[in-house]
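Peer 1: So that we are looking at the same thing, I have put the structure below in structure tokens.
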Amino acid sequence: MAKEKIAILTWVNDDNYGTCLQAYALNRKIRDFGYDAVTINYKAKDISRVLKILKLLFNPLFTIKKIYRFYIKKERNRTLVYENQLERHKRFVDFRNQYIPLSDIYIDDDFNDVEKRYDNFIVGSDQIWNTIRINHIYYLDFIHESLKKNSYAPSFGSEFIKNIILLNEL
């Protein structure tokens with residue numbers, strides 16, 4: 001009898017210790033229960049870059065401070081910082097590739113075949129339902145109602161839901 005295939009959808013590609021460890025731990029625990037668990041290798045279109053650009057455009061003082069801190073004050077250390085960031089990123093990529101079974105890469109609207117590949121879907125943990133960084137993929141809307149959908153320790157990342165559109169959808 002074949003093992004039930006479970007797809008986990010969580011933040012896995014951020015170079016953050018907590019994010020990476022929670023992705024590893026959830027996948028590992030599900031495999032320990034005897035299931036065939038795979039973490040979806042989801043690469044979201046990054047809206048944080050858009051937010052940074054808007055912040056720069058609408059706050060000139062912020063822009064001046066950033067230019068001073070990054071380009072003038074840290075010019076001597078800039079190469080060292082860049083090299084450290086590359087090394088850190090490489091270590092996270094190596095960890096994910098070695099310890100977290102990952103699916104093929106999926107990008108925002110590219111989930112057409114995912115229902116055929118897995119029997120059960122889990123979202124979580126971490127702030128996958130964050131009210132600032134809203135991404136409907138983490139609500140599993142694209143999965144047919146007949147399939148199993150679960151959540152494990154999802155979080156909004158704040159005490160209050162400030163986004164009225166999100167509040168209406170809940």
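Peer 1: Considering the zone a paramagnetic label at Glu115 would reach in this model (a point 7 Å from Cα along the Cα-to-Cβ line), which residues of the range 9-48 have amide N under 13 Å from it?
Peer 2: No residues fall inside that zone.
Peer 1: Right, here's the next one. Using 0.36 nm per residue of separation minus the Cα-Cα distance, give me the extension gain between Asp15 and Lys29 in nm, one decimal.
Peer 2: Length gained, Asp15 through Lys29: 2.9 nm.
Peer 1: Suppose R0 equals 35 Å. What FRET efficiency, 1/(1 + (r/R0)^6) with r the Cβ-Cβ distance, do His136 and Val93 give to the nearest 0.05?
Peer 2: Calculated value: 0.85.
A short reminder: the numbers here are calculations on the coordinates, not readings from a lab. This is a predicted model, so every value here is computed, not measured. In this analysis, Cβ positions are derived from the backbone assuming ideal geometry, glycine residues included, and neighbour counts consider all displayed protein chains.
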